[in-house]
Every structure is written in structure tokens, then in C-alpha cells.
1. Exactly one of these conditions fails for residue 104: (1) in contact with a Cys (Cβ under 9 Å, 6 or more places away or on another chain); (2) modelled with pLDDT under 80. Give me its number.
2. For the range 112-123, name all the residues that are within 15 Å of residue 67 (Cβ to Cβ) and open to solvent by less than 20 Å² (accessible area, probe 1.4 Å).
3. Can you report the number of residues in the range 45-56 which are modelled with pLDDT of 95 or more and of a type in the set (Gly, Ala, Ser)?
4. Based on what the data block shows, is residue 157 over 16 Å from the mean Cα position of the chain (by Cα) and either aliphatic (A, V, I, L, M) or surrounded by 16 or more Cβ atoms within 10 Å (Cβ to Cβ) (or both)?
5. Working carefully through the options 191, 195, find the one that is over 26 Å from residue 51 (Cα atoms), in contact (Cβ under 8 Å) with a residue 40 or more places away in the chain and either open to solvent by 60 Å² or more (accessible area, probe 1.4 Å) or not charged (D, E, K, R) (or both).
6. Among the residues of the range 125-150, count how many are in a loop (DSSP other than H, G, I, E, B), buried (at least 18 other Cβ atoms within 10 Å of the Cβ) and out of contact with any strand residue (DSSP E or B) (no Cβ under 9 Å at 6 or more places or on another chain).
7. What are the residues in the range 162-174 that are among the polar types (S, T, N, Q) and open to solvent by less than 40 Å² (accessible area, probe 1.4 Å), if any?
8. All but one of (1) surrounded by 15 or more Cβ atoms within 10 Å (Cβ to Cβ); (2) at pLDDT 90 or above; (3) farther than 30 Å from residue 171 by Cβ hold for residue 67, so report the exception by its number.
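The values are calculated or read from the model by the stated rules, or taken from the named source; none is laboratory data. Just so it is clear, the structure is predicted and the values come from calculations on it, not from any experiment. Positions of Cβ are generated from backbone atoms using ideal geometry, with glycine treated the same way; all protein chains shown enter the neighbour counts. Each accessible area value is taken on the protein alone, full model and side chains, heavy atoms only, with ligands, DNA and RNA left out. Shrake-Rupley method; radii C 1.70, N 1.55, O 1.52, S 1.80 Å.
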Amino acid sequence: YLEGGTLLDWLERGPLAVDETLDLGIMLADVLDRIHGSGVLHRDIKPSNIGYTADGVPKLLDFGLAAMLDSSKGPEAAAAVMPVDPVELAARFQGVRASSTLTITQQVVGTPLYLSPEALAGSPPQESFDLWSLNMVLYEAIAGRHPFGGRSVTEVVAAVQNTSVPDVRDARPECPAVVAALLNDALSLVPTRRPATA
């Protein structure tokens, strides 16, 4: 229980200030750096899993889906994994909201709106899963909405795997270009454009 509520509660009142969002991102990146350094992957970073104390200090919550990182598997392992079949998803999760936490396969676990393309492809757990989720949360905090919100699980999976995330300035024109560029790179379909570590 945190008296300040969650980031989801805060976003229901509207988008955050860009500076406030960047401060949140810096703090959570530091948290991820520490947990990844300990060999742990969170796997379910989303607004409802970021809570605030009464004096507004953010806390990363809910490690119920956390997994140990396997450093023996390199990035080449991701290339060998086939994407999740959208037809199978449609059959299994008809009517399920993409904001729900799901286990799609033994390896694909989390909330579809915040899963990276590699996570959706069933790749072995890696730091990039959490980094994508964090940057999607920051995008949503600035834009005031998720770029793929309101879609079914199947539509979200297809969008994340095949569609570039719109420029955050489409929703928030006053966002500085350097911040938009950071988010464009961090949420690129090309993994090498993204930050390598928290």
C-alpha cells in the first residue's frame, strides 16, 4: 500500500510534465540497472506497477513475474525464435484486454501493451524486455496515452512487432525534440538503435 497511488492513477488525471517524466525515467533506469546487475529481470513494468509514497517518491512494484537472466544465451538466440502466431492469440485471448497481464506461452509473460518485440517473439529473457517497457511507460506518461491503447491483444502484438511507434510529439507537440528522438530510438523496431543497458 502506497498512499501516493500508482502512475496509472496519476495518468488518469492527464499526462505528466516532460521534466517530471524524465526524472521518473532516470530513477527507474537506476533501479533496473541495479536489479539487472543482480541477474533479475522484472518483466512487467507498466504504470500500475509504479507506485508513489505519500511524498511522491516512485517505487517499482510487483516482482511476481520476475525471472533470472540467463547470460549464457546471447542476442543471436532471439533471431532463432518464431513470432507469436496472431491467429493463435486471437483464439486464446478473444475479448481479453491488452492491458491485462498474461502468460501467452511459457516464455511470453507480461502485459502485451508493454512487451517488446523480442519478448513477444518468445526470446530468452533479456534486459531489453524491461528497457522497452520502461520507455513505453515514459512515452505514455508524456503523450498521455499509450500508442497502441484500446486495441485487442492480437492487434497490439501485430502493432508492436510490425509498426513504428508514432512520434510522441504527435500527441504532445511541445515535447522537446531531443526527448522525442530518445523515445524514437528506445522504441525502435531495430534493436541496435535502442539503449543497450539501463
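1. (1)
2. Once the filter is applied, which keeps residues that are within 15 Å of residue 67 (Cβ to Cβ) and open to solvent by less than 20 Å² (accessible area, probe 1.4 Å), the range 112-123 yields 115, 116, 119, 122, 123.
3. Summing the residues that are modelled with pLDDT of 95 or more and of a type in the set (Gly, Ala, Ser) in the range 45-56 gives 1.
4. Values: over 16 Å from the mean Cα position of the chain (by Cα): no; either aliphatic (A, V, I, L, M) or surrounded by 16 or more Cβ atoms within 10 Å (Cβ to Cβ) (or both): yes.
The answer is no for residue 157.
5. The conditions single out 191.
6. 3
7. none
8. Just one mismatch for residue 67, condition (2).
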